[in-house]
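What follows is a short report on a single structure.
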Amino acid sequence: MNYLSDVVALTAKDLRVELRARDTLPAMLLFVLAILVVFHFALPAGADDDAAYGLLWVAIVFTALLGLARAWVAEQEHGVLDGLVLAPCDRSTIWLGKTLATLAFLLAVQVVALPAFALLFAPLDATALVGVLLADAGICAVGSLMAAMAVAGRSREVLLPLLVLPLAIPLVIGGVGAAVSPEGGRYLLLLALYDAVFAVLSWASFEYVVTEQT
C-alpha cells in the first residue's frame, strides 16, 4: 500500500503543477490540432483513409514528444529531483508517477484530438481506439525514462527525439496496423507485448538512470 500511495502522491503532484502552470497541456492541444488542420488541407482530395491514419500517428508521436520534453524540466530546474531521490520511497515510484501523469496529459489532449480527426478525416473503430490507448501507454512508459536521461543535457530538446523515436517505431506500426489491417488483433497483441516488456525494463532501470542524473 505504501508503494501505491507514493505513486498516487507523485502523480497528483504533477497534475497539480500542470493545473497551476497550464504550460504543457495547452501547448500539446494546440500543436496536435494545428497538425490535423494542416494535414486536412494538405492531403489531396480523395486520399484514402490509410494515409490519414498514418498522419494521425505522426501527430500523436510528436505531441507526446512535446509533453515529454517538459516532463522533468521542473524537477531539474528547481532541484526537486534530488529531493525525490533522497525521499524514503522506492525510486521506481518516481518513474511510475511521471508516466501516469504524462499519460493523463496525452489522453486529455486526445479527448479533443480524436473527435477532431474523425470530423476532418475518418472515424476510428474500437480496434483503432484500443490501439491508440496501448500505444499511448508504451510511449509514456519509454518516453518518461528517456526524458529523465535527456533532461540533464544542454541539448535535451534534440536528444529526446533521438532517444524516443527509434523506440516508438513498433508503436507506430502497431497503431497504424490496428486501424487499417483486417487482422488488427495481431497488432494489438504486438502493442500489448511491447508495453509489457518495455514497462518492466523502464521500471527496473529507472533507479540506475536517476542515480546518474543526481
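Filter region 153-183 for residues that are in a loop (DSSP other than H, G, I, E, B), open to solvent by less than 50 Å² (accessible area, probe 1.4 Å) and not polar (S, T, N, Q) and give the result.
Across region 153-183, the qualifying residue is only 153.
Restricting to region 8-55, what's the tally of residues that are surrounded by 15 or more Cβ atoms within 10 Å (Cβ to Cβ), modelled with pLDDT of 90 or more and farther than 30 Å from residue 94 by Cα?
Residues in region 8-55 being surrounded by 15 or more Cβ atoms within 10 Å (Cβ to Cβ), modelled with pLDDT of 90 or more and farther than 30 Å from residue 94 by Cα: 3 in total.
Of all residues in region 67-89, count the ones that are part of a loop (DSSP other than H, G, I, E, B) and crowded, with 16+ Cβ neighbours inside 10 Å. Outline the logic, then answer.
Initial filter on region 67-89 (part of a loop (DSSP other than H, G, I, E, B)): 70-72, 78-79, 87-89.
Those left that are additionally crowded, with 16+ Cβ neighbours inside 10 Å: 70-72, 89.
So the answer is 4.
Please give the number of the condition residue 120 fails out of (1) of a type in the set (A, V, I, L, M); (2) open to solvent by 10 Å² or more (accessible area, probe 1.4 Å); (3) within 18 Å of residue 11 (Cβ to Cβ).
(3)
From the residues in region 172-214 that are within 30 Å of residue 80 (Cβ to Cβ) and charged (D, E, K, R), which one is modelled with the lowest pLDDT?
Filtering region 172-214 for residues that are within 30 Å of residue 80 (Cβ to Cβ) and charged (D, E, K, R), the one modelled with the lowest pLDDT comes out as 212.
The values are calculated or read from the model by the stated rules, or taken from the named source; none is laboratory data. All of these numbers come straight from a predicted model, not from anything done at the bench. Backbone-built Cβ (ideal geometry, glycine too); neighbour counts: all protein chains shown. Ligands, DNA and RNA are excluded from the accessible area calculation, which covers all protein heavy atoms including side chains. Shrake-Rupley method; radii C 1.70, N 1.55, O 1.52, S 1.80 Å.
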